[in-house]
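Right, one structure below, let's go through it.
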Amino acid sequence: MDKKPCRYSLAVKTSHVLPPDTNNHGTLFGGKLMAHIDDVAAIAAVRHARKPVVTASTDSVDFLAPVKEGDSVCVEAFVTWTHHTSMEVFVKAVTENLLTGNRKVCTTAFLTFVAVDDAGKPTPVPQVYPVSSQEKQLSDSAPERAEQRKKRREHSKEVAAAFGTEYPWNDKDLGTSDL
């Protein structure tokens, strides 16, 4: 597989924020923005791998500024780093007041996608390489984020095993004073 530059995977989506997209504060629902983020990041991952992908994780979604009704939100994503079958995707969302032209970075996020074959099994992806200084900065810090992801995933498995599928999780821990 040939290596590909980060910019070949760039995906961009701009949306107008309308009343049904907003909460009681007149700002974009966080979940709506997260859906835009996952959608655009998945497009970037597929564009890089040229294979179907599944979302493996979202490291964080940091909401830095509100996106107001009537504004636009532009979500940009590209692959920053690859492992054998997985890809880290950086996402940046920019809100723009369409009347004034004032723009702010409103959200940043890192997501991981895994390429899958026709049977749904993980399959290799091409390596990616940075060109710009910003791409290099993200690529250089990606192994540390990957290690943090691995630790967080192990912790998530421990929590899932401890809590299981039923509620209450452990009847004997409930005393009459807790009811």
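Laid out as a table, the results:
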{"read-out": "Neighbour-count ranking [beta-carbon atoms within 10 angstrom, fewest first] of His36, His25, His83", "value": "His25, His83, His36"}
{"read-out": "Set of lysines near Lys68 by C-alpha distance (under 28 Å), chain-local residues within fewer than 8 positions excluded", "value": "Lys13, Lys32, Lys92, Lys104"}
{"read-out": "Hits among aspartates and glutamates - C-alpha to C-alpha of Lys3 under 17 Å, sequence gap 8 or more where chains match", "value": "Glu88, Glu135, Asp140"}
{"read-out": "Amide H contacts under 5 Å for Phe29, placed H, 5+ residues apart", "value": "Thr22, Asn23"}
{"read-out": "Cα point-scatterer Debye curve for the chain, base-10 log of I(q)/I(0) at q = 0.09, 0.10, 0.13, 0.17 Å⁻¹", "value": "-0.41, -0.50, -0.75, -1.05"}
{"read-out": "Percent RCO, i.e. relative contact order, over region 4-163, from Cα pairs under 8 Å lying at least 6 residues apart", "value": "25 percent"}
{"read-out": "Candidate lysines for bridging to Lys150, where Cα separation is under 21 Å - those fewer than 8 sequence places away on the same chain excluded", "value": "Lys121"}
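Taken together, the values in this text are just the output of simple stated rules run on the coordinates, not laboratory data. Remember, predicted model here, so these are calculated numbers, not experimental data. No Cβ is skipped: glycine too gets one built from the backbone with ideal geometry, and neighbour counts run over all protein chains shown.
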